[in-house]
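Reading through the structure tokens given below for one structure.
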Amino acid sequence: MTQTARRRPVIGIIGNMNLLNESYPVHAGGTMNSEAVSKVAGCLPIIIPSDPRFVSVAELLELCDGFLLTGGRPNVHPSEYGEDETPAHGDFDRCRDAITLPLVRACVERGQPFMGICRGFQEVNVAMGGSLYPEIRDLPGRMNHRMPPDGTIEEKFALRHCVRFAPGGVFANLMGAEEVMTNTLHGQGICRPGARVVVDGHAPDGTPEAIYISGAPGFTLSVQWHPEWNAEADPVSRPLFTAFGAAAAEWAAGQRPVAQAMAGA
């Protein structure tokens, strides 16, 4: 196969269960996610019905070259990190939990690239044994990270706070800066980081905003904000999706990353 005929790497976009017109169930992924995967990462976006009745993790690992764990209104069920369900935990999608959590662990072991966004960021932490706060804005000294209830989509996804990365860390090197501006549209956040989860960036109130998995052979960068918004033009979103696409292209070409020594091991 010639270079020009080579297929684009396939990115499985993890879908969310929604109700169309309050009666018709659909799996949806958000147009912005597909646009960022296609136009910035240079990959072929495929929306995955995240339901173990229809797909298995093993099938997804063979089908896709990488995965985008998207944001979504339902939250990871607290039983996945050893806590009881309360009204503060909000709505859930247990079918998505059943796909994404083992998928993350498998990708970490195999070196298969993935990127987590918002709920996806939280899924990565839970998959690695971490826990979540049910509502960040209720914590002393924390700001309200939720999406503004009113306004245009441009206003809702507008940049609202900075994220400071660890000096010389993975994200600072990728962005070429130790501090960037991001949007914020989430209610929950990391409480206890999971095993090997490195918190590489924080909001001004201390909320974790950027993570990766220590010692993982593949791409594992995940963020609490929504880089899919304006990804082609945004100087923070673009390098993130470009690096993700490059990792997926290497996987599609048969290049398998080698595991690194874990920090502190």
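The values are calculated or read from the model by the stated rules, or taken from the named source; none is laboratory data. Note that the structure is a prediction, hence the values are computed from the model and not measured. Neighbour counts are summed over all protein chains in view; Cβ atoms, including those assigned to glycine, are modelled from backbone coordinates with ideal geometry.
Quick check: is even one residue across the stretch 224-233 in contact with a strand residue (DSSP E or B) (Cβ under 6 Å, 6 or more places away or on another chain), under 22 Å from Glu80 (Cα atoms) and at pLDDT 95 or above? Within the stretch 224-233, one or more residues are in contact with a strand residue (DSSP E or B) (Cβ under 6 Å, 6 or more places away or on another chain), under 22 Å from Glu80 (Cα atoms) and at pLDDT 95 or above. For the stretch 150-209, the set of residues classified as surrounded by 18 or more Cβ atoms within 10 Å (Cβ to Cβ), free of Cβ contacts under 8 Å to residues at least 60 places away in the same chain and among the small types (Gly, Ala, Ser) consists of Ala172, Gly201, listed by residue number. One residue stands out among those in the stretch 83-134 that are of a type in the set (Asp, Glu) and part of a helix (DSSP H, G or I): the one that is farthest from Pro49 (Cα to Cα), which is Glu109. Of the residues making up the stretch 47-65, those that are in a helix (DSSP H, G or I) and touching a residue at least 40 places away in the same chain (Cβ under 8 Å) are Val57, Leu60, Leu61, Leu63. The residues listed here are Ala98, Ala41; of these, the one that is within 23 Å of Ala248 (Cα to Cα) and among the small types (Gly, Ala, Ser) is Ala41.
One line per residue, one yes/no per condition, for (1) surrounded by fewer than 24 Cβ atoms within 10 Å (Cβ to Cβ); (2) in contact with a helix residue (DSSP H, G or I) (Cβ under 7 Å, 6 or more places away or on another chain); (3) touching a residue at least 12 places away in the same chain (Cβ under 8 Å):
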{"site": "Thr86", "(1), (2), (3)": "yes, no, yes"}
{"site": "Asp93", "(1), (2), (3)": "yes, no, yes"}
{"site": "Asp97", "(1), (2), (3)": "yes, yes, yes"}
{"site": "Met115", "(1), (2), (3)": "no, yes, yes"}
{"site": "Phe121", "(1), (2), (3)": "no, no, yes"}
{"site": "Gly130", "(1), (2), (3)": "yes, yes, yes"}
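I'd like to know if the stretch 33-46 contains one or more residues that are part of a helix (DSSP H, G or I), closer than 22 Å to Phe219 by Cα and basic (Lys, Arg). Yes, the stretch 33-46 has at least one match. Please specify each residue of the stretch 132-170 satisfying the condition of being farther than 20 Å from Gly72 by Cβ and touching a helix residue (DSSP H, G or I) at 6+ places or on another chain (Cβ under 6 Å). Hits for the stretch 132-170 are Arg142, Phe165.
Does Ser23 satisfy the criteria of being polar (S, T, N, Q) and either within 13 Å of Leu101 (Cα to Cα) or in contact with a strand residue (DSSP E or B) (Cβ under 6 Å, 6 or more places away or on another chain) (or both)? So Ser23 does not fit the description; no.
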